[in-house]
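Here's the structure we're looking at; comments come further down.
The values are calculated or read from the model by the stated rules, or taken from the named source; none is laboratory data. None of the values given here were measured: they were computed from a predicted structure. Reconstructed Cβ throughout: ideal geometry from the backbone, glycine too, with neighbour counts over all protein chains shown.
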Amino acid sequence: MRGESAAARLRRRGRGLLPAPLAVPAYRRLWLSSLLYYHAFHFEAITGGWVVFERTGSPLDVGLLGFCRAIPMFALGLVAGAITDRFRRSSVLLAVQSVGGAAALALALLFAFDAASLPLIYLLTALLGCAWAADYSTRRTLVAEMQAREHVAAALSLEAASMQANKILATFAGGLLLAAGGPTICYGWLALIYACNLLALVRLHRHADTPHGPRAGGEIGVVERIRGGWTVAMHTPAVLGVLLVTMAMNLLVFPYQQMLPVVARAVLGVGPRELGLLAGADGIGALVMGLVLAGRRRQIRPPVLFLGGTFAGAVVVIALAGSRVFALSYALQIVAGVCFGAFGAMQSAIVIGAVAPAMRTRAMGMLATAIGVGPFGALLAGVLSTAFGPAVTLTGMAALALIVIAATVARTRPFRAA
């Protein structure tokens, strides 16, 4: 390469050091959008929980907020996957991020003018949840379409890593901004992040999208698409196994994240800054796990990582529920992040790898629906925490999850051929 400039050689060598998925220019643009969106997602979750608990002092109200945020995933996951399958994926992402940005701006204005009632907070949080429900299946399917088959698992691992890295920064920033300026400045920051994400998506839309336009088979009706997604999930053992385990985890284990503001205030006796650190600590572990998986040349079998992360993560949550020392809780959160990083990355990889490309969005819509049982878990955790306290509640729910998942895997053996 005699004619190659020094700058070109430097760029080429730099690309060689990147994980394989980032060598695809279109994916790099999408990844930038993901960094911004995951920041917004985690920032809002920690901010909303603290604001509601400060206003009401009720774990049940915090649980209700989590219910409102996540119920759209359950109600709309499969429907959103079927509908968005008909359109250009970057257009769908632009639309749903516009909805999220409008909801964030509305919350900022309501708090600025002291007009933010609890029902309005719940309503606008639910609107943010609707955006998340549509984004989930669309974004992950687009990731898979941008990569060669052998790099899909690594790309999804990198996606999970970027999500968790942002959790570290977003929750820490949320704690600082809550302490410094309260909800007005927090929701103003959230609106700004959404605006930046929209700019990133405009660039993706103009210069790099999968060459599908409207999805193949666009003449198929939405009802038929929903039925097709249900059928492929029920008749593909690996997909069905992921769905059942995911439902148990989101119903019985992951509600602990929604209860962290209650744990921080009522159990550990710390303020918003410490809450921000605690809530983001699992992101450290998940980031490390995601980067390890993204950089591996030989992948560990996805079911092994998926189930290993599932069982180990539930055990760590039980230990976390029993902790009364902030430093120990922080360390346990990091370990939980390692476990849930493996669980989250392999969750999507197993589903996408088990179905035909034309069915990916609909299968991911089914996964979104399974994740969407989370609000019922958040509500249950809120009710039980009010009656028995958060420590007893989270311990009992995670222990029940271990029993249910072990029985499910032993009875159906869904990952035998995955």
Original post:
Only one residue in LEU142, LEU199, LEU176, LEU204 is touching a Lys or Arg at 6+ places or on another chain (Cβ under 7 Å), modelled with pLDDT of 85 or more and in a helix (DSSP H, G or I), so which one is that?
Top reply: LEU176
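Whether any residue in segment 318-325 is more than 25 Å from ALA264 (Cβ to Cβ), crowded, with 23+ Cβ neighbours inside 10 Å, touching a Pro at 6+ places or on another chain (Cβ under 8 Å) and modelled with pLDDT under 95 is what I want to check. Steps first, answer last, please.
First pass over segment 318-325, keeping only residues more than 25 Å from ALA264 (Cβ to Cβ): none.
Looking through segment 318-325, none of the residues is more than 25 Å from ALA264 (Cβ to Cβ), crowded, with 23+ Cβ neighbours inside 10 Å, touching a Pro at 6+ places or on another chain (Cβ under 8 Å) and modelled with pLDDT under 95.
Hey, does segment 99-106 have a residue that's surrounded by 21 or more Cβ atoms within 10 Å (Cβ to Cβ) and of a type in the set (Val, Ile, Thr)? Steps first, answer last, please.
So in segment 99-106, the residues surrounded by 21 or more Cβ atoms within 10 Å (Cβ to Cβ) come out as 100-101, 103-104.
Still in the list and also of a type in the set (Val, Ile, Thr): none.
No, segment 99-106 contains no residue that is surrounded by 21 or more Cβ atoms within 10 Å (Cβ to Cβ) and of a type in the set (Val, Ile, Thr).
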**OP:** Could you list all residues from segment 351-386 that are over 25 Å from ILE284 (Cβ atoms) and touching a Pro at 6+ places or on another chain (Cβ under 6 Å)?
**Re:** GLY382, SER385, THR386
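Please go through segment 236-261 and give me each residue that is among the aliphatic types (A, V, I, L, M), assigned to a loop (DSSP other than H, G, I, E, B) and either more than 27 Å from GLY280 (Cα to Cα) or touching a Pro at 6+ places or on another chain (Cβ under 9 Å) (or both), ordered by number.
First, the residues of segment 236-261 that are among the aliphatic types (A, V, I, L, M): 238-240, 242-245, 247-249, 251-253, 259-260.
Checking which are assigned to a loop (DSSP other than H, G, I, E, B) leaves us with 253, 259.
Passing the criteria: only MET259.
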Original post:
Restricting attention to segment 313-330, which residues are touching a residue at least 40 places away in the same chain (Cβ under 8 Å) and assigned to a helix (DSSP H, G or I)?
Top reply: GLY313, ALA314, VAL315, VAL317, ILE318, LEU320, ALA321, GLY322, PHE326, SER329, TYR330
Original post:
If a residue has to be at pLDDT 95 or above and within 14 Å of LEU158 (Cα to Cα) to count, how many in segment 326-343 make the cut?
Top reply: 0
**OP:** Restricting attention to segment 123-143, report how many residues are surrounded by fewer than 23 Cβ atoms within 10 Å (Cβ to Cβ) and touching a Pro at 6+ places or on another chain (Cβ under 6 Å).
**Re:** 1
**OP:** Examine segment 69-78 for a residue that is under 28 Å from MET289 (Cα atoms), aromatic (Phe, Trp, Tyr) and touching a residue at least 12 places away in the same chain (Cβ under 8 Å), and state whether such a residue exists.
**Re:** yes
Original post:
GLY308 versus (1) under 24 Å from ILE403 (Cα atoms); (2) touching a residue at least 60 places away in the same chain (Cβ under 8 Å): which is the lone unmet condition?
Top reply: (2)
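Among PRO183, PRO119, which is the only one that is over 26 Å from TRP31 (Cβ atoms), assigned to a helix (DSSP H, G or I) and free of Cβ contacts under 8 Å to residues at least 12 places away in the same chain?
Numbers: PRO183 fails: free of Cβ contacts under 8 Å to residues at least 12 places away in the same chain.
None of the other options fit; the residue is PRO119.
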